[in-house]
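The values are calculated or read from the model by the stated rules, or taken from the named source; none is laboratory data. Because the structure is predicted, anything quoted here is derived from the model rather than measured. Counting neighbours? That spans all protein chains shown, and the Cβs are built from the backbone with ideal geometry, glycine included. Protein only, heavy atoms only, side chains kept; ligands, DNA and RNA dropped before computing areas. Shrake-Rupley method; radii C 1.70, N 1.55, O 1.52, S 1.80 Å.
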Amino acid sequence: MAMTIPTVPQLQAGYIAQPVDMTNLAACCTFLLTKPLCRVHDVTAGQTIGASGNVPATTINFTTEDIDTDGMWTVVNPGRITPATPGWYKVRYGVNVGNNGASCDTAVFQVRGSGNPLGAGENGPFIPGYALSHTTKGGCAASSGVWPYYLYAGDYLQVRAGGDAATNVTATTDAGSYFSLEFVST
Amino acid sequence: MAAIPQVPADFALGDTSISEIQQLTYAVNFLGNYDVRPLWHLEPSTTPSIGANAWTTLPYSIALFDSDKVSDSTGALIVTQGYYAVEAALQIAAVSSDGFNGSFLITGGANNPHLGAGSTIRFGLRGGETNSTADAAICLSDVVPVVCYPGDQIVVQYYVSTARTSDANTNATFNTGRFNRPFMGHFIRTGT
């Protein structure tokens, strides 16, 4: 369910604004007031985060949709948020890494779809996070930022994690892992 | 309270009504002007001690900017219904191997059909074990996971494994009290 990117009318001096121009202006406002927003989180826990080298490799899965105004997440692909409306997006996420005392690196990756002019492939890692889990209180590797690439229809984002020699297991203590996308610009 | 704009769906040829133009003007003002659209930046005025092994609220009593008057001296008491994003920065004077987590907590008010009065959701969790010998800081950022209604309250909380002071202590006294610890939030979009 993609939203229609509004058309901003050009009103030159002497031009008599037509009803369609005013309607387009109104559509711009409506778009911004109802822009795409998605947030998901995990209530299951127990996902093993594999040991990895320099690049996080375990895609974090989520189970529960909190907000999804534009049909961006489905339980069929629990590790993806797929923007339906192309544009620039802000990412916020956290991975609850449990309390086994190991460190965990996280980052976000973009998998490019068929509509991306760069072709198939990936962009990333960007928006890194880190946590050294405390053996009593656990930890949550988190970060946020504007995704540095324009997202086309068919592209999707994933949060990936990687531990040190030991392996972390996701937890839901206090709050489960979370992942959100907010449309910020055309 | 900021009024949610009522955007006219259609303009008709020959329509002489000024009200639709005014609605459009207000919508543009709401979207482009944070004096109208809800935005807050709060700071704490104290550096309270944080007790061990319990989620503790950091009170924010200074409003550097608060366009919708949400500040309630503890956190943010929502005035205008909608979806919100929040951010905060927390500090403790730590020693190595402390557990240090931060999060937001929303408590439902009397008006939220998705979050019963007094019910809570913890979100925006971040933290872990500190490995510095001086101070530690974490930054929180998340979208509130429910539509916020007037009367819902959002606070920022610490959890530490050993009782600590909620302030930087680098270089003994020079940096103490010199770093701000903001709690910020803004309206993202409408919601029901």
**Q.** Neighbour net charge for B:Pro38 - beta-carbon separation under 12 angstrom, K R +1, D E -1
**A.** 0
**Q.** Solution diffusion estimate, µm²/s, Stokes-Einstein, chain A, Kirkwood Rh from C-alpha pairs, 10 °C, viscosity 1.306 mPa s
**A.** 90 µm²/s
Q: Mind pulling the angle between the C-alpha long axis of helix B:19-32 and the longest principal axis of chain B? Nearest 10 degrees, somewhere in 0 to 90.
A: 20 degrees
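Stokes-Einstein diffusion coefficient for segment B:47-92 at 10 °C in a medium of 1.306 mPa s, Rh from the Kirkwood formula over Cα pairs: what value in µm²/s?
Details: Rh = 12.7 Å.
The estimated diffusion coefficient comes to 125 µm²/s.
Compute, for segment B:22-159, the length of the dipole vector about the Cα centre, with Cβ point charges of +1 (Lys, Arg) and -1 (Asp, Glu) only. Units Debye, rounded to 20.
Working: 4 positive and 11 negative charges, 48 e Å.
Magnitude of the dipole: close to 240 debye.
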Q.
Below 13 angstrom from the Cβ of B:Leu77, what's the summed charge of the other residues (Lys, Arg +1; Asp, Glu -1)?
A. -3
Q.
If I take every Cα pair under 8 Å that is 6 or more residues apart in segment A:82-129, average their sequence separation and divide by the length, what percent do I get for the relative contact order?
A. 29 percent
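Using Cα pairs under 8 angstrom and six or more residues apart, how large is the relative contact order of segment B:1-148, in percent? Spell out each step's value before the answer.
Working: 249 pairs, mean separation 29.6, N = 148.
Taking the mean separation of contacting Cα pairs over the length of segment B:1-148, I get 20 percent.
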Q: Could you give the spread of the C-alpha atoms of the protein assembly as shown along their three principal axes, from largest to smallest, in whole angstroms?
A: 72, 50, 40
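With every protein chain kept in the model, how would you rank A:Ile16, B:Ile106 by accessible area, 1.4 Å probe, largest at the top?
Listed by decreasing accessible area, they come as A:Ile16, B:Ile106.
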Q. How many Cβ atoms of partner chains, on average, are near each residue of A:10-20 if near means within 10 Å of its Cβ?
A. 1
Q: Quickly work out the B:Gln22-to-B:Ser49 label distance, labels modelled 7 Å from Cα along the C-beta direction, and quote it in nm with one decimal.
A: 5.9 nm
(Q) If you fit an axis through the alpha-carbon atoms of helix A:19-33 and take the longest principal axis of the Cα set of chain A, what angle between them do you get, 0 to 90°, nearest 10? (A) 10 degrees
Q. What Kirkwood hydrodynamic radius, in Å, does segment A:109-170 give when the mean of 1/r is taken over all pairs of distinct Cα atoms and then inverted?
A. 13.7 Å
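So what's the back-of-envelope 222 nm ellipticity for the protein assembly as shown, counting only DSSP H runs of four-plus at -39500 (n - 2.57) apiece and dividing by all residues, rounded to 500?
Working: 2 runs with 29 residues, N = 378.
Roughly -2500 deg cm²/dmol at 222 nm, from the helical runs in the protein assembly as shown.
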Q. When you take every Cα atom in segment A:73-120, what is the radius of gyration, and what is Dmax, the widest Cα pair distance, in Å?
A. 14.5, 43
Q.
I want to verify the translational diffusion coefficient of segment A:23-99 in µm²/s; compute it with Stokes-Einstein, Rh as the Kirkwood radius over Cα pairs, at 4 °C and 1.567 mPa s.
A. 87 µm²/s
